[in-house]
Each structure stands twice: as structure tokens, then as C-alpha cells.
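Asker: Please read through the structure below; I'll follow up with questions.
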Amino acid sequence: MSYKGKKAAFFTLGCKLNFSETSTIARHFEVMGFERVDFKEQSDVYVINSCSVTAESDKKSRNIIRQAIRRNPEAVVVVTGCYAQLQADVIKEIEGVDYILGTNAKFRMTDFLGDLEKRDETYVLLQSQNKNRDYFHAASWGDRTRSFLKVQDGCDYFCTYCTIPFARGRSRNDTIPNTIKKAEETVQAGINEIILTGVNIGDFGKSTNEKFIDLLKKLDQVEGLERIRISSVEPNLLTDEIIDFVAGSKRIAPHFHLPLQSGSNDVLELMKRKYKRELFAERVEKIKSVLPDAFIGVDIIAGTNGETDDFFLDSYEFVRDLNVSQLHAFPYSERPGTKALEIKPVVSVDERKERTRKLIQLSEKKLRLFYEKNKRKECMVLFENESTRDRLHGFTENYIRVETGYRPELVNQMVSVKLSEINNLGNFEVEFL
Ligand code: SF4
């Protein structure tokens, strides 16, 4: 069936993985004849790829769904993503939603659209994620300069505060040769920098009896690929071999994103995380020993159930003394069906916000220090097409944000620069070499 002359609009909430999947689904719609339009425009179909990592994400997902329905009450509205998989009953209460498609049905979306008729009743297709072994490739291109390449999906860790294993199923991936094929296609689409994404990418190879390090070694040889960025890797899966390989690679960026979640061993125990803080500190030291200028970003949750004042202070002091570049601090958000709900005491919402504020303040100091240490350094920047205020932005290999006057010929180019001054927006101005 061709949908020539029909319009489709997409909205993605949440993580890099969701963005890679929406971009892939949208390309499939274009193959079916749809014209892709901005979500703010009138469209025949609206697709919302939702997120459910926090209560705030649930709320945002509902707001975006309602926006689509208001924008064109005649349009077909399709909701997918983690919120759809986990809380379809809540979404079903929103009048005007036609399809709620869970994690497995996401990639077969156009099979359901038929004549683009509005449905009297919402069609819901969910499958339990307990045994989900289906793996669908995804890569974002055409939306942004850098591409999110999906290399892994699902998670087997079941941290007590997290719902992602319930939304996305078991840890799985495709083989290294097939994943490399996807990377090559992405490069052929004009992409110079790929960001590896998934749910627990360090666990790559679990369903194919392969290893993440071997994937990195193969990716490092992909013709025409200028830069590879590893997004989040669980600290217990970040081996010396991986760190040493990154240190020796010309393509893999010295940029690590490590989810710590708490700097207190007591809280890590309550979260059922797979490591103690000593391992985390040792990983940071290892990275800095072979890559002194590496950027290390750290995820941390403030105010989880059971995080007493003393545990928070212990966590704060541990993080304060870590040689890392930036903290991504979030207030704990209760998630339905998680074990954390049984843990006491519960930290008040105000106190969670206060602890998060303290961590963000600490993060600002760390980031400023990291930027100051890199002043006058020569580095390579990939300038991106997302320009604002007639300024062009980009990131160095060690994830420093730079800007310069808008020069269209520099978009998607890897350019050699020297970091000069930090401007009032906290970005580096550059001198071209
Ligand atoms: S590792 Fe833990 S926090 Fe991360 S997705 Fe898996 S269960 Fe969630």
C-alpha cells in the first residue's frame, strides 16, 4: 500500500536509543510514501515514541500525545516506546489515541495503519518483555550531524529503582558483522561521527556469544568513519582492555559516560548495583592514567529510598573527590512495579530536589575546572548543523563544547582548532589552525 501524498510527524522523548529508533521508523514511513513533516504541523499520522524513566517523562509523554490530538483530531495517533509498553492502560484513557504499540510491534507500525481511518477503540498490542529476544537495528541519520547507532537493547540487571528491563526486555544484540554493516550504511549516509547507543551496551555480545571489545575493534576499522563515541557503559563492564583500546585508537573519542548512581556503598547495595564505589574510583583512575584529558560524565540519582542524610553525605564526599568532568544528577522518581518502593525511609521530594541542587552545583565546579585545564589545547571539532544565534557549535574529541561564527562550509566537517576563551555561555571560542 502506498501512502503517497500523506504526511507523518514524529516526536521522540527520552534517550539516544529512542532517537535512533524513531529515525529508523520514520525512514520506513518515507519508503511507504509518507512525507515527513515537523510535529508542529498538520499531519495525517502522529507517532510519539514515549519514555517512562521518571514520573516527569510519563507526564511529558501524555502532554505530547494530547498536543497531537488537538493539532489534528482527524489524524491517526500512534504511541510507542517505554511508556506505551509499561502503562498502556493509562494512555488508553486519553481520547483520540488510535494505536498503542509495545516494544516488539514498534518496528511494524505501518502494518497497522490501513486506510488511515480513526479507530472507534484504541488498538493495543503489547508482548511480555520477559522472554523478548527480538532485536531490531536502528540508527539515526538525516536528523542531526552525529548519528546514534543502536548496538544493543534490553537489560538483565534489574536495579531496584529501574523499569527499563520491564519495558525493553532481556539484554540482546545482533552479531558484530551485521552491526558493522549498519555502521557502514550510516557512514554512507554521510555521517562522520557515530555514538554507540543501547540500554546496557557494555553487555554487548551476551546474546551472540561475542564481546564488546571485539565490536569496538571492528568499528575502529570502518572506512570513512571519523569518530566513534561510546555512550553509557556500566562501570563493572568497563574493562582495562576497553580503556587501553580507546587510549590507542585514533577514532574512539576519549569520552566516557559512567552511571554511578550513588557514591555510598550502602545505597549501591539497596539499588542492587553490580559494583562497589571502590571499583568506580579505580575505573576513573585507570582512565585518567592512560587518557589524562578524557571527559568523564557520571550519572547519579539523589534521594533514592533508603538514602539517609548520612548516606547522602557519604555519597557527596565520595563524588566530590572523584577526578571526573561532569555529574548528571537527577532526583529519584518512584517507578511502578520496582523493588525500591519497598525500601525505607522515603526521602521527601523537597529533600531530593535539595540534594540534586547540591550535586549540580558541584558538577558546575568540576566542569569549569575541566574546561580551564583544556585552555589553549589543540583539538579536532566536528561542527554540527544545529546552529543557533548565527553561531556554529561542535564538540571536541573530549566532549568540550565549542562555538564560532556561522560558516556553512564547516558543517559536518572535522576541523583542527585551538581552544581560546570560555565565553559567557560556558562554551569555548576557537582559533582555526
Ligand atoms: S543497568 Fe540498571 S539502571 Fe541501567 S537499564 Fe539496567 S536495570 Fe536500569
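The values are calculated or read from the model by the stated rules, or taken from the named source; none is laboratory data. Please read these numbers as outputs of a predicted model, since none were measured by experiment. Positions of Cβ are generated from backbone atoms using ideal geometry, with glycine treated the same way; all protein chains shown enter the neighbour counts. Just so you know, the surface numbers come from the protein's heavy atoms only, side chains and all, with ligands and any DNA or RNA stripped out. Shrake-Rupley method; radii C 1.70, N 1.55, O 1.52, S 1.80 Å.
Asker: Determine the share of segment 169-238's accessible area contributed by carbon and sulfur atoms, expressed in whole percent, with a 1.4 angstrom probe. Walk me through the numbers on the way to the answer.
Answerer: On the way: 1070 of 2460 Å².
The value for segment 169-238 is 43 percent carbon and sulfur by accessible area.
Asker: On to the next question. Suppose R0 equals 56 Å. What FRET efficiency, 1/(1 + (r/R0)^6) with r the Cβ-Cβ distance, do residue 334 and residue 209 give to the nearest 0.05?
Answerer: Once rounded, the FRET efficiency stands at 0.90.
Asker: Further, regarding this structure: About the Cα centre of segment 125-178, what is the dipole size in debye to 20, counting +1 per Lys and Arg Cβ and -1 per Asp and Glu Cβ, all else neutral? Each step should come with its number before you reach the end.
Answerer: Details: 8 positive and 5 negative charges, 5 e Å.
Approximately 20 debye in magnitude.
Asker: Once the piece of chain linking residue 95 and residue 401 is laid out straight, how much longer is it, given 0.36 nm per residue of separation minus the C-alpha distance between them? Show your work: numbers first, answer last.
Answerer: Details: separation 306, 0.36 × 306 = 110.16 nm, distance 4.27 nm.
In short, 105.9 nm is gained.
Asker: Further question: Using a 1.4 Å probe, what is the accessible area per residue for the chain, in Å²?
Answerer: Values: 18900 Å² over 433 residues.
Using a 1.4 Å probe on heavy atoms only, each residue of the chain averages 44 Å².
Asker: So how far apart, in nm, are the two label points at residue 241 and residue 278 if each is 7 Å from Cα heading toward Cβ?
Answerer: That separation, rounded to one decimal, is 2.5 nm.
Asker: Right, next: Using only protein heavy atoms and a 1.4 Å probe, report how much of residue 15 is accessible, in Å² to the nearest 10.
Answerer: Per-residue accessible area (residue 15): approximately 60 Å².
Asker: Continuing with the same structure: If you take the beta carbon distance between residue 290 and residue 360 as r and set R0 to 35 Å, what does 1/(1 + (r/R0)^6) give as a FRET efficiency, to the nearest 0.05?
Answerer: On the way: r = 29 Å, r/R0 = 0.83.
The calculated FRET efficiency here is 0.75.
Asker: Calculated from DSSP H runs of 4 or more alone, at -39500 (n - 2.57) each and per residue, what is the 222 nm mean residue ellipticity of the chain, nearest 500?
Answerer: -9500 deg cm²/dmol
Asker: Residues of segment 164-183 with backbone nitrogen within less than 20 Å of a virtual label 7 Å along the Cα-to-Cβ line of residue 220, please, listed as ranges.
Answerer: 176-183
Asker: Sticking with this one: Counting only protein heavy atoms, what percent of the accessible surface of segment 7-125 is carbon or sulfur at a 1.4 Å probe?
Answerer: Details: 2330 of 5060 Å².
The C+S portion of the solvent-accessible surface of segment 7-125 is 46 percent.
Asker: While we're here: Scan segment 3-42 for trypsin sites (Lys or Arg not before Pro) in coil per DSSP, keeping those whose Cβ has at most 15 other Cβ atoms within 10 Å, and list them by number.
Answerer: Here the sparse-neighbourhood loop sites are 4, 40.
Asker: I would also like to ask the following. Across every pair of different alpha-carbon atoms, what Kirkwood hydrodynamic radius in Å does segment 146-373 reach?
Answerer: 18.5
Asker: List, largest first, the extents of the alpha carbons of the chain along their principal axes, each in whole Å.
Answerer: Cα spread of the chain along its principal axes, largest to smallest: 60, 57, 46 Å.
Asker: Quick one: work out the % antiparallel among DSSP beta bridges in segment 146-373, nearest 5.
Answerer: Just about 5 percent of them are antiparallel.
Asker: Explain nothing, just the number: dipole magnitude of the chain about its Cα centre with +1 on each Lys and Arg Cβ and -1 on each Asp and Glu Cβ, in debye rounded to the nearest 20. Spell out each step's value before the answer.
Answerer: Details: 65 positive and 66 negative charges, 26 e Å.
Dipole about the Cα centre, nearest 20: 120 debye.
Asker: Can you flag which of 274/353; 131/339; 16/288; 276/418; 211/375 are past 28 Å Cα-Cα?
Answerer: Violating the 28 Å Cα-Cα cut-off are 276/418; 211/375.
Asker: Full extension from residue 423 to residue 131: what is 0.36 nm times the residue separation minus their Cα-Cα distance, to one decimal in nm?
Answerer: Stretched out fully, the residue 423 to residue 131 stretch lengthens by 100.0 nm.
Asker: A follow-up question, please. Cut-off 10 angstrom, C-alpha nodes, Gaussian network model of the chain. Which of 163, 208, 396 fluctuates the most?
Answerer: In the Gaussian network model the winner is 208.
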